[in-house]
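Presented below is the structure to which this report refers.
The values are calculated or read from the model by the stated rules, or taken from the named source; none is laboratory data. Keep in mind that this is a model prediction, so the values were computed, not measured. Glycine also receives a Cβ, built like all others from the backbone with ideal geometry; neighbour counts cover every protein chain displayed.
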Amino acid sequence: MTRRPKALVALLRRYDPPVRGLALHLRELVLREIGPCHEHIYDAGYTVAVWYSFTSRITDSICLIAVYTKHVNLGFNRGSVLGDPHQLLEGTGAWMRHIKMRSRADIDRPEIRGYIQSAIAEASDDPVPGAERPELRRVITTVNRWRTVKTARKAAGRGHRT
């Protein structure tokens, strides 16, 4: 098991223990499947999102975990191009798809690992076509807090972006 970042644990405190447990259990599965990677923790106010990629760019993300009050989503940046043999993917956007997780049993389904592996295969993070991904030795975690930025803008009299 990978160490849990203190910032993530602190952000998850606002959720009930069962949802916190789902988020952390899903994180363990994602990290087992992806291996050493970049983990971007993002506090959007209405959700805590954790993005996973092989580069430091969120736009290259393979998948994400989004935490809500009653469930956790496993999202895929290129979900619209993934195969969906078990009819689990939800969403109608141009790219994003997600799988809703309401219990540990949902997370532990063997098919979930298959979706993550498919997303890894579809990842568009290669700087040069055919070039190998750089080997990472550990999980590199960064934290972005939208709520902090929004509060600072408000205090400066600039409001927030529209």
message: So in the range 59-81, with the set limited to residues that are assigned to a loop (DSSP other than H, G, I, E, B) and in contact with a strand residue (DSSP E or B) (Cβ under 6 Å, 6 or more places away or on another chain), which one is modelled with the highest pLDDT?
response: His71
- prompt: Pro36: more than 17 Å from Val9 (Cα to Cα) and free of Cβ contacts under 8 Å to residues at least 60 places away in the same chain, yes or no?
  reply: no
query: Of the numbered conditions (1) buried (at least 19 other Cβ atoms within 10 Å of the Cβ); (2) touching a helix residue (DSSP H, G or I) at 6+ places or on another chain (Cβ under 7 Å); (3) over 16 Å from Val143 (Cα atoms), Val81 satisfies every one except a single condition; which is it?
result: (1)
query: If only one of Arg97, Arg138 is within 26 Å of Leu11 (Cβ to Cβ), at pLDDT 60 or above and in contact with a helix residue (DSSP H, G or I) (Cβ under 6 Å, 6 or more places away or on another chain), which one is it?
result: Arg97
- request: Among the numbered conditions (1) at pLDDT 90 or above; (2) more than 19 Å from Ser103 (Cα to Cα); (3) not charged (D, E, K, R), tell me where Ser56 comes up short.
  value: (1)
Residues being buried (at least 24 other Cβ atoms within 10 Å of the Cβ), in contact with a Phe, Trp or Tyr (Cβ under 6 Å, 6 or more places away or on another chain) and without any contact (Cβ under 8 Å) to a residue 40 or more places away in the chain - total across the range 51-66: 1
message: Looking at the range 86-102 only, could you name the residues that are part of a loop (DSSP other than H, G, I, E, B) and in contact (Cβ under 8 Å) with a residue 24 or more places away in the chain?
response: His86, Leu88, Leu89, Arg102
